[in-house]
Amino acid sequence: MSKPCVLVLAGLDPSGGAGLLADAEAVRAAGATPLCVATALTVQTTRAARRFKTVDPGLVVESAQALLEEEDVRAIKIGMVGDRAVAVEIAGLLQGRKRLPLVVDPVLAASSGAKLFEGSVTSARDAYLRLAAGAVLTPNLSEAETLLGARLDDPMQAGALLGEGPGAVLLKGGHLAGDPVDFLFQPLGVEQFRARRIPASARGTGCRLASAIAAGLARGLPLREAVLAARQLVRDYLQAHLSV
Ligand code: PLP
């Protein structure tokens, strides 16, 4: 039997550390087949992102629509969209279609600090919240702050994002001090996932986590199991990148 497909809409990082190539690796490793549409082309090496240009929104949507029509897409992952115009077009495509599991990773900047969204904070918030309706949204703390338009003193406050339309919010705690904790907020409650920090520095962990969750959902796993499996996949990836 062929594997279920995950449609990935994200930026192309030609170095492969993050973005579409990392997404494709993670989707395959998680047992599904990636179908990849580039929303933006970035100039990027393994060290840092330099600049990017978004792809024509009409082309992005035409490409995604063709794949949705002809392939067995069971879940969608959206990463970097680059600007609001691309997000608006993608949201238009998703509206009115039969709901597929959707994972949205709000990509605003690279860990090197380079911006990966062109536009104001307000347009970034509008872009990603419009995409996140009914989705699993996977921000880190600073992305959650941007999307809420408020400083968060406590990661638990990120649960307020559920009021903005996502079906679930996975707050990634990897950037916080100490052993990392991820928070999975769902309408019925919140669950914390803890683990020992792996002293590795590797790029694209956020991309890989969201893509692996989408692959799990495409395979029919419940969200909690998809998140647990994706966390393990990222931990294995970090373990393979331990600095010796
Ligand atoms: N490039 C693209 C296309 C991305 O989608 C992302 C992150 O999601 C990055 C770069 C940033 O990756 P990192 O935070 O590992 O630098």
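What follows draws every value from the coordinates through simple rules; no lab data is involved. Everything numeric in this text was worked out from a predicted model, so none of it was measured. Every residue, glycine among them, receives a Cβ derived from its backbone with ideal geometry; neighbour counts consider all protein chains shown.
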Taking the alpha-carbon distance from Lys172 and a cut-off under 14 Å, which aspartates and glutamates remain once sequence neighbours fewer than 8 residues away in the same chain are dropped? Asp105, Glu143, Glu145, Asp154, Asp182, Glu191
For the residue pair Leu228 and Asp153, what label-to-label distance in nm results when each label sits 7 Å from Cα along the Cα-to-beta-carbon direction? 3.5 nm
Taking 7 Å along the Cα-to-C-beta vector as the label spot, tell me the Ala109-Leu162 distance in nanometres, rounded to one decimal. 2.9 nm
The answer for Val104, listing residues at least 5 apart or on another chain whose modeled amide H is closer than 5 Å to its amide H, is Ile78, Val136, Leu137, Thr138
Taking a virtual spin label 7 Å from the Cα of Thr122 along the C-beta vector, which residues in the range 79-99 bring their backbone nitrogen under 16 Å of it? 84-85
Applying a 10 Å radius around every beta-carbon, put 47-59, 2-14 in order of their mean neighbour count, most first. 2-14, 47-59
With charges only on Cβ, +1 for K and R and -1 for D and E, what is the dipole size of the range 188-244 about its Cα centre, in debye, rounded to 20? 160 debye
Mean residue ellipticity at 222 nm from the helices of the chain, using -39,500 (n - 2.57) per DSSP H segment of n ≥ 4 over the full residue count, to the nearest 500 deg cm²/dmol? -11000 deg cm²/dmol
What is the antiparallel percent of DSSP beta bridges lying wholly in the range 5-239, to the nearest 5? 40 percent
Rg/Rg_ref, the range 100-213, where Rg_ref = 2.2 N^0.38 Å and atoms are Cα: 1.01
Once both labels are modelled 7 Å past Cα along the beta-carbon direction, what's the Glu71-Arg194 spacing in nm? 4.0 nm
